[in-house]
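> Here you go, one structure.
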Amino acid sequence: MPPLRTPQDKAIDPASIAMLEKAAADGVPDAFARADAQGKGCTFGTDGVCCRLCHMGPCRITAKSPLGVCGANADTIAARNLLREVAAGAAAHSDHGRSLVLLLKAIAEGRGGDYQIKDEHRLRTAALEWGIDIAEEDAGTRGCGDAETRRHGDAAKGESPRPPLSASPRQSAGVTPLAPREIAARLAAVFLSEFSLQEGKLKTLSLAPVQRQGVWDRHGLSPSGIDRSIVEALHRTHMGVDHDYHNLVHGALKTALADGWGGSMIATTVSDILFGTPEPVRWYANLGVLEARKVNVLVHGHEPALTEILVAATRDPEIVAAARAVGADGVNLAGICCTANEVLMRHGVPVAGNFLQQELAIVTGAVELMITDVQCCMASLPSVARCYHTQIVTTNPIARNLGAEHIEFNEHSALACAKTILHKAIANYPRRDPRKVAIPDVKHPLVAGFSNETILNMLGGTFRRSFRPLNDAIITGRIRGIAGIVGCINVRGRMDDYIVRLTRELIKRNVLVLQTGCAAVACGKQGLLTPEAALEQAGPSLREVCEAVGIPPVLHMGSCVDNSRILMAATYVVQEGGLGNDLSQLPAIGAAPEWMSEKAVAIAHYFVASGVDVVLGRPFHTLGSEALTQYLCEGLQELVGARFHYIADVDQAIETMCAHIERKRDALGINRKAERKLYDMKDRRALDV
Ligand code: XCC
Ligand code: SF4
């Protein structure tokens with residue numbers, strides 16, 4: 001029996017440590033306690049060699065019985081399980097994207113209720129990106145070019161697409177700009193057809209560098225419709241269909257591409273159109289954002305639609321008056337998980353915490369109500385809430401929880417629904433037990449909201465939007481490369497620890513870090529998402545660049561569907577020129593240090609399929625198949641020019657990632673020997689400080 005973990009073994013931030021201690025004192029079981037109670041877990045599951053795909057099984061692979069009843073071996077079983085995880089992850093992201101597209105369609109048809117299009121500029125640039133004309137030619141006039149070719153370049157001539165620099169509709173004689181609702185209708189129709197496409201490949205793929213599209217086409221990895229891809233993944237993993245682990249991995253890459261370049265890309269784009277493209281905003285993260293004198297309402301999950309309306313409703317005089325009437329100073333809205341990232345970036349709503357802080361927030365005893373929607377909302381929430389006065393409200397018909405109240409959210413009555421929920425929270429405030437309240441006085445400022453549109457503006461200026469300064473900094477070696485550190489946090493490790501140590505060390509070594517999801521919040525809680533962090537913690541040359549542009553050394557780009565922003569950032573770097581023609585040539589690497597969800601499995605696969613290596617702090621469930629593991633961690637290099645790295649040790653991850661970046665620089669010929677030596681010396685100096 002291993003010794004029980006202390007709160008310090010479970011978390012690094014003082015707020016979480018304090019709440020883990022309080023949970024134990026209050027007798028409230030938390031995810032860490034349950035993980036400890038579960039023990040190491042079933043090794044068949046961990047190794048990926050348990051199959052329950054048909055009722056002749058379940059079958060488990062052992063040295064004595066190396067084949068399932070149907071003859072499937074460990075390679076087949078583990079690869080099928082992996083592909084199913086990718087399909088589930090892709091489904092979660094994409095279904096979220098679909099609900100936003102349906103809202104866009106409803107607005108276009110005048111059925112949007114309390115919603116409207118916030119960012120018409122983004123609507124027009126998106127329309128151009130997806131080949132929709134945003135102006136109509138009057139009869140008898142010729143247009144000045146096909147929107148499709150303008151945006152996507154001419155693949156036959158090897159041209160790459162360009163970022164949409166301007167989206168002013170042509171105002172010349174004979175051309176009438178379309179009304180936003182008409183553009184929205186056309187765009188929604190194109191997006192919906194991306195889900196239902198039965199033949200041919202996704203339109204969205206053409207946003208990628210032309211060379212990468214060629215890799216996908218050559219290897220049969222270009223997905224058709226998003227829904228079709230997910231159905232195909234489930235079909236080929238049914239008993240008795242696909243048994244070749246290579247082919248199953250190719251299926252995983254293809255399905256993941258339908259997520260990253262399809263469902264997630266669409267989710268990000270439509271969120272920006274509906275709720276506004278994020279711009280840098282400075283706010284706070286960690287449990288200290290809860291306020292003792294206010295009604296605390298937490299939004300938790302992934303879908304931003306309801307939360308958008310809640311932000312407005314919180315400021316409604318009726319709600320403010322109601323809060324005052326029960327003796328509170330108002331309503332304080334704060335977020336958990338990716339909903340937090342969505343509203344942080346667009347409204348400056350503070351972040352109470354990341355995934356593993358959802359229960360700990362309730363343990364403060366100061367949360368009147370938590371609203372959950374889809375994904376990453378633990379089943380345990382109602383039972384934790386019962387130990388305090390907190391109410392849990394579910395809002396999505398596919399995500400209910402016993403012990404929670406279900407108030408179905410409907411965009412046609414969004415404001416009324418938001419107010420109903422807030423009134424409930426206010427009515428609950430007098431039930432707060434002051435003896436049970438302990439809000440940790442811990443919060444850190446952070447800057448979030450680095451959409452590509454913002455980065456283009458910051459680097460190039462509004463009139464010369466460009467990634468050029470970034471490319472130049474990489475070419476001259478002031479920035480060694482780019483690391484995307486993303487994904488969840490996992491109760492099996494020490495929360496945030498790997499993410500934060502990795503990020504700290506990489507910026508010290510002059511690597512610019514891009515983040516999303518719970519990883520971004522982990523670093524936000526440590527103060528790494530501020531321009532001041534560049535001064536204090538970044539290596540000397542990264543610091544120079546950050547100071548010149550006014551950015552933090554770690555850029556928070558949004559929620560997990562916003563990993564699509566990282567794909568596009570890398571694409572813009574390629575298109576800017578000087579760093580190769582494909583994503584696989586960039587001095588860039590991804591990492592999901594503490595991942596736990598199927599969505600993270602999908603994300604990791606679409607990065608590798610896009611040509612970007614990914615370091616995983618914990619392996620996929622494939623260790624029971626040496627052949628499969630080797631194919632993922634070595635063999636894929638030949639197919640897509642990138643691979644996975646299973647690295648549990650953070651120091652080893654740091655060295656692997658830096659070495660990878662330097663190898664890519666060498667291959668590009670931008671590492672002149674003398675310069676590299678000088679850099680290495682500087683590096684050592686930076687390390688000595
Ligand atoms: Fe969930 Fe998105 Fe993972 Fe965090 S990072 S634990 S998926 S909230 Ni998306
Ligand atoms: Fe066993 Fe094959 Fe059925 Fe899986 S599909 S449970 S390995 S018989």
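Read-outs: derived from the displayed coordinates by stated rules, not from any lab. Because the structure is predicted, anything quoted here is derived from the model rather than measured. As a convention, Cβ positions derive from the backbone with ideal geometry for all residues, glycine included, and neighbour counts pool all protein chains shown.
> For n ≥ 4 DSSP H runs only, could you compute -39500 (n - 2.57) per run for the chain, divide by its residues and tell me the 222 nm figure to the nearest 500?
-14500 deg cm²/dmol
> At a Cα cut-off below 16 Å, give the lysines reachable from LYS664, other chains included and same-chain residues fewer than 8 away excluded.
Result set, ordered by chain and number: LYS673.
> Note down the net charge around TYR631, summing +1 for each Lys or Arg and -1 for each Asp or Glu among other residues with Cβ under 12 Å from its Cβ.
-4
> What FRET efficiency would be calculated for the residue pair VAL437, LYS40, taking the C-beta separation as r and a Förster radius of 22 Å, to the nearest 0.05? Mind dumping the intermediate values first?
Values: r = 36 Å, r/R0 = 1.66.
With a Förster radius of 22 Å, E is 0.05.
> Let me ask you something else. Looking at the square roots a ≥ b ≥ c of the eigenvalues of the Cα gyration tensor of the chain, which shape do they give, rounded for a/c under 1.5, prolate if a/b is larger than b/c, or oblate?
Rounded, since a/c falls under 1.5.
> Please work out the FRET efficiency for the pair VAL326 and GLN198, using the Cβ-Cβ distance as r and a Förster radius of 60 Å; give the result to the nearest 0.05.
0.60
> Please enumerate, by chain and number, the lysines with C-alpha under 16 Å from the C-alpha of LYS508, excluding those fewer than 8 residues away in the same chain.
LYS682
> Can you sort MET56, MET265 so the residue with the fewest Cβ neighbours within 10 Å comes first?
Fewest-to-most Cβ neighbours within 10 Å comes out as MET56, MET265.
> Using alpha carbons only, how many angstrom separate the centre of the range 539-558 from the centre of the range 592-656?
When both Cα centres are located, 27 Å separates them.
> Please list the helices of the chain that count as membrane-span-like by this rule: a mean Kyte-Doolittle hydropathy of at least -0.5 together with Cα atoms stretching 30 Å or more along the helix axis, each helix being a complete DSSP H run.
74-108
> Using 0.36 nm per residue of separation minus the Cα-Cα distance, give me the extension gain between GLU655 and GLU405 in nm, one decimal.
Net length gain for the segment: 85.1 nm.
> By its C-alpha gyration tensor, with a ≥ b ≥ c as the square roots of the eigenvalues, how is the range 17-141 shaped: rounded for a/c under 1.5, else prolate for a/b larger than b/c, else oblate?
Oblate, because a/c is 1.5 or more while a/b does not exceed b/c.
> Express in nm, to one decimal, how much length is gained between THR176 and ASP9 on full extension, taking 0.36 nm for each residue of separation and deducting their alpha carbon distance.
53.8 nm
> How much net charge surrounds PHE409 when only other residues with a Cβ under 11 Å from its Cβ are counted (Lys, Arg +1; Asp, Glu -1)?
The answer is -4.
> Moving to a separate point now. Name the residue from MET568, LEU306, VAL175 whose Cα lies farthest towards the positive end of the charge dipole of the chain, charges +1 on Cβ of Lys and Arg and -1 on Cβ of Asp and Glu.
MET568
> Hey, which lysines would be in cross-link range of LYS118, C-alpha to C-alpha under 18 Å, not counting anything within fewer than 8 residues on its own chain?
Within the straight-line limit of under 18 Å, LYS118 reaches these lysines: LYS105.
> I've got another one for you. Which percent, to the nearest 5, of DSSP beta bridges fully inside the chain are antiparallel?
So the antiparallel bridges in the chain amount to around 20 percent.
> Let a ≥ b ≥ c be the square roots of the eigenvalues of the Cα gyration tensor of the range 163-300; is it rounded (a/c under 1.5), or, if not, prolate (a/b larger than b/c) or oblate?
Verdict is oblate for the range 163-300.
> Can you list the HN-Hα couplings for the range 57-67, worked out from phi with the Karplus curve (6.51, -1.76, 1.60; θ = phi - 60°), rounded to whole Hz and with x for Gly and Pro?
With coefficients 6.51, -1.76 and 1.60, one gets x, x, 10, 10, 8, 9, 4, 6, 10, x, 10 Hz.
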